[in-house]
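As structure tokens, the structure follows; a few thoughts come after it.
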């Protein structure tokens, strides 16, 4: 689904080898956009979307170089989608009284610092192009807590992504740069495999996501991303894509 605006010609998607990022990149490519992906992993050369060299976006210099390379290959940029992110559970994330220093730093690096670094590199490019769009991917956990999802560093990072997005929307509106954020619920991706396989969580799906009582799909999120990326009068929006999670 897209808004009434034209499909952008040049799109950069981070986390392009992940479940949500991959679906977003493919959706734009299928709509006729020229897409460059950025991911920490090595891309399959035969894959549907071209990726630049692998980059750890938590590293400021690596992020800036990757964005510059992608924009150079595209001949500019119209839309940047920050879909890169990761669970910090294996690094020490959890309830706040148990979060390790390493877990906190790693999780904020993967989910907040990475978004900040890419946005910082992208804004001058979009401004030079006369405007464009940034879409950040957050989470329903950035909007509220849940007893079965106690990764507090992750929640803090995703909440900060929402605040960053809305502040940017106001600041860069005069430059015709629209900045919006999509907040997915529980989506069927490798990152959510642990939660999706948990019998207690599966039993709660009818409560958590009452629209379907199931996990959402990456394509669901890609549709939401494409909408705000092409909606010409929408900026600063926090669009939930969660099957009713936050409407409870």
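The values are calculated or read from the model by the stated rules, or taken from the named source; none is laboratory data. In this text the structure is predicted, and so the values were computed from the model without any measurement. All Cβ positions, even for glycine, are placed from backbone atoms using ideal geometry, and neighbour counts span all protein chains on display.
Descriptive notes on the structure:
- Within segment 77-101, the set of residues being surrounded by 14 or more Cβ atoms within 10 Å (Cβ to Cβ) and either over 20 Å from residue 180 (Cβ atoms) or at pLDDT below 95 (or both) comprises 86, 87, 88, 89, 91, 92, 93, 94, 99, 100.
- Exactly one residue out of 212, 165, 235 is at pLDDT 95 or above and surrounded by fewer than 21 Cβ atoms within 10 Å (Cβ to Cβ), and it is 212.
Condition check ((1) over 24 Å from residue 18 (Cα atoms); (2) in contact with a strand residue (DSSP E or B) (Cβ under 7 Å, 6 or more places away or on another chain)) across all residues:
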| residue | (1), (2) |
| --- | --- |
| 152 | no, no |
| 162 | no, yes |
| 165 | no, yes |
| 171 | yes, no |
| 194 | no, no |
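- Verdict on residue 64 being surrounded by fewer than 24 Cβ atoms within 10 Å (Cβ to Cβ), in contact (Cβ under 8 Å) with a residue 24 or more places away in the chain and touching a helix residue (DSSP H, G or I) at 6+ places or on another chain (Cβ under 9 Å): yes
- Hey, residue 52 closer than 23 Å to residue 34 by Cα and in contact with a helix residue (DSSP H, G or I) (Cβ under 6 Å, 6 or more places away or on another chain) or not: yes
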